[in-house]
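Only one structure is covered here, and it is reproduced in the block below.
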Amino acid sequence: MPLISTTDAWKNLTELRDQMSGVPLSELFDADHIRASDFTIDLGSLYIDFARQRVSNDVLIGLTALAETAGVSGFIQRMAKGETVNQSEDRPALHMQVRRTSGDGEDAPLKAFVSGVRKGEILSASGARFQSVLAIGIGGSELGPALILDALGDAYGGALDVRMCANIDGTAFARATGGLDPRTTLVVVISKSFRTMETQANAERAAIWMQTALGDDWAKNFCAISANVDEAGKFGIDEDRVFAMLEGVGGRFSLWSAVGLPIALAFGWEVFTDLRAGAAEMDAHARSAPVRENAPMMLALLTVWNASFLGYGAEACVPYDTRLRKLVDHLQQLEMESNGKRVTQEGYPVDYPTQPVVFGGVGLNVQHAFFQQLHQGTTAAPVDILVPARAPTGDEAQHDLLISSALAQADALAFGKENLEQPHRHYPGDRPSTVIVYDKLTPFMLGKLIALYEMKTVCAAAIWGINPFDQWGVELGKKLSDSILPMLSDTDSAPASLGSLIDILNRMRRGDE
Ligand code: F6P
């Protein structure tokens, strides 16, 4: 496949970009009185308003043509059928299949385990009922479950205290185990490869912590999720406590698989099933809706337009919902690890910008942090503004304040406010945003929202022609870290670039003046 930038569809969009340059958003609204309701996608409980994006009707037609030229629909269909869409690793991407599963068949042992632990039929080696779960994993083996535990905890949390631990800085483990009793704690080690240094180090630390309470029986309070069942067995975990994940399920798309065990333990199998069902509904929508009505495709096209044509190097995600405070962490891995690429699936360098930096945080908090720059800075970024229609705690008066703030930001960014006499009070406007409104944040809705961004990520990759399912970029740092480890005690072997840094670190660690 030639570079997408050589196609007529791409060239047409470049021309449209030049023609539109300098046309303010206010003019686009004035010229098209139905724009506010027309530049939207209405999925009932989920509503996407992209009228404040710097696109005209012609640009939307051009973007639709781009999606068709790039064969985005075909890519999604091939992915859904389990064909090889990850060329560098010669694998399919099977997360859509995983979320269609019912809990019978391959999932039956996992479901039975969840039920056994929650009902107190599966007990700790101490004979006590499990009161808590310590889930150890990093990256895709942590971010998705951590987001969902946090988002649904208030409404669906039960007796089991489920915590997650990713970092090896010591603090993360100390905090995750603070107040927990190893005799009533189930440790879940989540690692697709079962080779990730951080997860190995924390699993070993947890084994020592467990030994203090259970001695040689420590492994009886452990279970694992991995595609490398042998390695998990070598660690000492019983075969029937190792739940397999498929090689074809990438880490950042894996929360729907056995990686979601902490979610199912915390909230029950039904909640986990609803979450998957919401995601499966988004998949069905993505597979069947025409481009212009297709929510993930439109989000992807807008990101491509903003990044590759308008030159935005970043995009923000701002949920006006504390329950989604971990969404940005998850999206950073999902979008930046997937699409932070510079060559096509076939290995040719691209000549256009791909994935922008993803950042964000909870509105209104971030209005008091980085919104100043979004309104008046020299570097702007398109924003996704996520608004829950319902007040999570039933406080309607406060929810009115929250909604009006969110909508105010969208309009202030889009239309600005002229003040030429006082330049510091001038708001230039024309800063793009998309408003995403969702009904009640049920497990089903949360699944749908996360799958919206997953699908968006895959669609954007299909347009750029890059592989969203590998992550070779993280390997070099891991390898270098292995080679640097022995240099900490043998400074002479360190390269010139690191010798003095290692000396200084060693001096400080020894407490020398
Ligand atoms: O960051 C690189 C990465 O390979 C992610 O893709 C993955 O989710 C994470 O490390 C953890 O890997 P594993 O599940 O194999 O421990």
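The values are calculated or read from the model by the stated rules, or taken from the named source; none is laboratory data. Remember, predicted model here, so these are calculated numbers, not experimental data. All Cβ positions, glycine included, derive from the backbone under ideal geometry; neighbour counts span all protein chains shown. Accessible surface is based on the protein model in full, side chains and every heavy atom, while ligands, DNA and RNA are left aside. Shrake-Rupley method; radii C 1.70, N 1.55, O 1.52, S 1.80 Å.
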What's the angle, to the nearest 10 degrees (0 to 90), between helix 475-484's Cα axis and the longest principal axis of the chain? 40 degrees
Can you work out ³J(HN,Hα) from phi for every residue in the range 301-316, in order, using Karplus 6.51 cos²θ - 1.76 cosθ + 1.60 and θ = phi - 60°, giving whole Hz and x for Gly and Pro? 5, 5, 5, 4, 4, 5, 7, 8, 10, 8, x, 6, x, 8, 9, 10
Suppose R0 equals 22 Å. What FRET efficiency, 1/(1 + (r/R0)^6) with r the Cβ-Cβ distance, do Asp38 and Ile403 give to the nearest 0.05? 0.50
Using +1 at the C-beta of Lys and Arg and -1 at the C-beta of Asp and Glu, which of Leu152, Ile48, Pro182 has the Cα lying farthest in the positive direction of the dipole of the chain? Pro182
Based on Cβ point charges of +1 for Lys and Arg and -1 for Asp and Glu, what charge dipole magnitude is obtained for the range 1-115 about its Cα centre, in debye rounded to the nearest 20? 340 debye
Which peptide among 75-84, 28-37 comes first, and what is the full order, when sorted by highest mean count of other Cβ atoms within 10 Å? 75-84, 28-37
Nearest 0.05, what FRET efficiency do Lys81 and Thr491 give at R0 = 45 Å with Cβ-Cβ as r? 0.25
Multiplying the sequence separation of His368 and Gln131 by 0.36 nm and subtracting their Cα-Cα distance, what value in nm do you get? 81.4 nm
Among rounded, prolate and oblate, which fits the range 364-513 when a ≥ b ≥ c are the square roots of the eigenvalues of its C-alpha gyration tensor, a/c under 1.5 means rounded, and a/b larger than b/c means prolate? prolate
Violations at 28 Å Cα threshold for listed pairs Lys234/Lys456; Lys448/Lys478; Lys341/Lys479 -> Lys234/Lys456; Lys448/Lys478
Translational diffusion coefficient (Stokes-Einstein; Kirkwood radius from C-alpha pairs) of the range 281-327 at 20 °C, 1.002 mPa s, in µm²/s: 171 µm²/s
In whole Hz, what ³J(HN,Hα) sequence does the range 443-459 give by Karplus (6.51, -1.76, 1.60; θ = phi - 60°), x for Gly and Pro? x, 4, 5, 5, x, 5, 5, 5, 5, 4, 6, 4, 5, 4, 4, 5, 5
Only Cα pairs under 8 Å and at least 6 apart count here; give the relative contact order of the range 93-274 as a rounded whole percent. 31 percent
Gain upon complete extension [Ala201, Leu480; 0.36 nm per residue less C-alpha separation]: 98.7 nm
Considering only Phe194, Met79, Leu401, whose Cα is most displaced toward the positive end of the charge dipole of the chain, charges sitting on Cβ of Lys, Arg (+1) and Asp, Glu (-1)? Phe194
Given a cut-off of under 8 Å on Cα pairs at least six residues apart, what relative contact order in percent is computed for the chain? 19 percent
Expressed per residue, the solvent accessible area of the chain in Å² (1.4 Å probe) is about 44 Å²
Given a 1.4 Å probe and every protein chain left where it sits, what share in percent of the accessible area of the chain is carbon and sulfur? 51 percent
At 1.4 Å probe size, what's the solvent-accessible area of Leu505? Round to the nearest 10 Å². 100 Å²
Residue-wise HN-Hα coupling along the range 404-411, computed from phi with Karplus coefficients 6.51, -1.76, 1.60 (Hz; x: Gly, Pro): 5, 5, 4, 5, 4, 4, 4, 6
Placing each pseudo-label 7 Å from Cα in the direction of the beta carbon, Thr393 and Lys440 end up separated by a distance in nanometres of 2.0 nm
Taking the Cα centre as origin and putting +1 on Lys and Arg beta-carbons and -1 on Asp and Glu beta-carbons, what dipole magnitude results for the chain, to the nearest 20 debye? 560 debye
Quotient of Cα Rg and 2.2 N^0.38 Å for the chain, N being how many residues it contains: 1.04
Could you please tell me the mean projected area of the C-alpha convex hull for the range 242-332, averaged over all directions and given in square nanometres to one decimal? 8.2 nm²
With a 10 Å radius around each residue's Cβ, average the other Cβ atoms per peptide and rank 473-483, 138-148, highest first. 138-148, 473-483
Identify, among Phe309, Ser483, Leu449, the residue whose Cα sits farthest towards the positive end of the charge dipole of the chain, taking +1 on the Cβ of Lys and Arg and -1 on the Cβ of Asp and Glu, with the dipole about the Cα centre. Ser483
At R0 = 35 Å the Cβ-Cβ FRET efficiency linking Asp18 and Thr379, nearest 0.05, sits at 0.95
Distance (nanometres) between label positions extended 7 Å along Cα→Cβ at Lys119 and Asp30: 6.9 nm
Taking amide H positions as placed 1.01 Å from N in the peptide plane, with prolines and chain starts having none, which residues 5 or more places from Tyr312, or on another chain, fall under 5 Å of its amide H? Ala307
Prolate/oblate/rounded label for the range 100-255 (Cα gyration tensor, a/c 1.5): rounded
Dipole in debye (nearest 20) - the range 317-460, about Cα centre, beta carbon charges: Lys, Arg +1; Asp, Glu -1: 220 debye
Taking H placed 1.01 Å from N in the peptide plane, check which residues at least 5 places from Val249 or on another chain put their amide H under 5 Å from its amide H. Leu94
Identify the GluC sites (Glu not before Pro) of the range 333-421 meeting these criteria: DSSP loop state and at most 15 other C-beta atoms within 10 Å of the C-beta. Glu346, Glu418, Glu421
Given a 1.4 Å probe and the protein chains all in place, what does the accessible area of Asp490 round to, in Å² to the nearest 10? 70 Å²
